[in-house]
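Values in this text are rule-based calculations from the coordinates and carry no lab data. The structure presented is a predicted model; accordingly, all values stated were derived computationally and were not measured. Ideal geometry is used to build each Cβ from the backbone, glycine not excepted, and the neighbour counts take in all protein chains shown.
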Amino acid sequence: MSLANNPTLNSASIFGLVGGKSPFQPTLTSAPASLAVQVAATSGGLSYSASALVFSAAYLNFPATQTLTVINNGPLAVGFTNVQIVGANASDFSLQASCPAPPGLPVGQTCVIGIGFAPSAGGVRNATLLVETNGVNSPQSFALSGTGLPHVGSSVTLSPSSLTFTLAGVPQAVTVTNNSAKPIALGSISTTLGSETNNCGAMLAAQSICTIEVETLSLGISFDNVGTNTGTLTVTDTGNPGVETLPVNVPYGSVNFTPLPINFGGMPLGVTSMANASNVASGSSYYGPAPPFSGSITGPNASDFGVGFFGNSYETTAYVTFTPTGLGARTATLVTNYGNIPLSGNGVTDSASFSITPVAPVSSQVGVSLPVPVTIQNTGSTVLYLRLATGSGDFVLPGTLASSPLVLVPAQSQSFNISFNPVGLGLRSATLTATDTGSGVSHSIPLTGTGDAIDPSITPITFTFSSTEVGVLSAAQTMTVSTPSGGPVSIQFSNDGYNNDFPLNPGTCATQTPCQISVSFKPSKTGSDYADYLVTDLVTAQTTLFTVYGSGGVGSVSLSSSSLTFAARDIGTTSISQTVTLTNTGDATLTISGETFSGANVGDFPIEGNTCGSSLAGGANCTLTISFDPTASGTRSAILQIMTNAASSPDNIQLMGTAN
């Protein structure tokens, strides 16, 4: 018990616990040497779902993905300090998802490491996945392999050779032609500007065509109505060369216009909805007026919808209403001189009816909540008790609506925010469903968002160095850089045209984060200075900018007097002392290396007091107190020299006196 309660006891202390009258006596006559045992707790043990990943053969530019599942079997949490891909063809493999950095993966939990494969050349492609943790049996390596298939057949062509849009919401067709005598596989079809739909499928037969329809989602404005917003339509396939591109152009004009679809939801037959608005706005007045916003409604149920245009030459709003004349889905299109706006609604019997405004796609960083506004209107003739649900962890209802019904009287509308808090990267989707508990009438709208990678974290995000002498290296300040993946980051100086007076040590976090970076300041000129550094997460390509500031200066000496003259006095007597004030009129610390005397009678002028020390801050002052103690008759003189790092050094004080 004594040992348990006193773990620092040594052998001699324990030996002495046995009293002379104890019935149990040690056979040794003296205490043995102390025995030291180091006890180290092991970290958690991990198991992996595979020892290697083999990808199916893939055509060049046709990406494939596999996952490696990791389980923490305990007894402690394990942090992943470095996950990277190395080897001969490492660039053909990419890290799609990783496991958490320290404190890491809790006991009993799993995480997934995602690996992508996109061969850049034909034949077998090999690399190695390296996983380093703060647990036991680290590092672990996993062989990655796949085969790149060369492209076959002749080229695929796109027609026309480019697209130019002057109307939003009006699709233009692109024909994809397989000129080969063999069928080809089609991969991704995407556009960086607007949106696309297609009927191409996974394969395109020999000497066959398919169609892509591209439309721009908005028109933009510029200061001078010139210039073009450009994008690219890209088609990947197994033909040669395998990637076809087509320019997509939207010239800037005099208006901003985004033709979002207008959905009125359910409305009783013959009942007119509240007006739903779509805006066209030109820029500020000095741009000049825009062509008037005008148009008409066409389509299968055009007579169910009405439109009115209100505004001026600088901003016009189209107000659309819906009055269903039949049951079920009702559709039409508002065709305007700036593009088309899809219109839709449902004709319902005169009972429970409501509409939900469409929600535009949103984006937010993973783990960062973004409010998404939603409005629901009671378009029927009865009171509604709506139960709401999203069925997704990415889109969260406010607390009251998650547990209690939304009550709406006829014609009443209610707006609220759904929180978009993405739990993963990429496209996130859900469905908002509202159901009336009395009638069972239900409506749904899609919710879509994008989870963006989190920017690197830097603490602190900025530094300010005090005024530092030009050419002198300051003491370092330290920052901590971390990333969600725990992967490496690069740090680049980003001040174009400026000297970098703020060196980093080390200059990067090349293997893992979190890591610490020291920043120093060595000014090359006087005055204020700064440097911007761009920190890039090498796993997600997200960036963060941090800035350091400083001021370069020099010390400068100013003396309250450059000479002291003492009154005549007898040999061997001491005068009343006189004082000279030294002021640092510079903006950097003045270094004082000492005071020396020169001249004929250096021993006659003792320094009685000195407050100057070895350094003096910018704007500060100190004093030197000197007396006269002549050792011989006649005129006595000397020079007091003050040695500093100022350009004027040494600074002299002439000392004069007469002895009787």
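Descriptive notes on the structure:
- Debye intensity ratio I(q)/I(0), log10, the stretch 457-553, q values 0.19 Å⁻¹ (C-alpha model): -0.83
- Values of log10 I(q)/I(0), in the order q = 0.12 Å⁻¹, for the chain under a Debye, Cα-only, solvent-free model: -1.37
- Take every pair of alpha-carbon atoms less than 8 Å apart whose residues are at least six positions apart; their mean separation over the length of the stretch 107-256 yields a relative contact order of 23 percent.
- Over the chain, relative contact order from alpha-carbon pairs under 8 Å, at least 6 apart, %: 7
- Cα shape, the stretch 99-225, gyration tensor, a/c 1.5 rule: oblate
- Within the chain, longest stretch clear of exposed trypsin sites (Lys or Arg not before Pro) (DSSP loop, no more than 12 other Cβ within 10 Å): 22-524
- Sum of -39500 (n - 2.57) over DSSP H runs of 4+, divided by residues of the chain (222 nm, nearest 500): -500 deg cm²/dmol
- Prolate/oblate/rounded label for the stretch 256-348 (Cα gyration tensor, a/c 1.5): prolate
- Surface/4 estimate of mean projected area, convex hull on alpha-carbon atoms of the stretch 156-251, nm²: 5.8
- With neighbour counts taken as other beta-carbon atoms within 10 Å, the residues Phe310, Phe62 rank, fewest first, as Phe310, Phe62.
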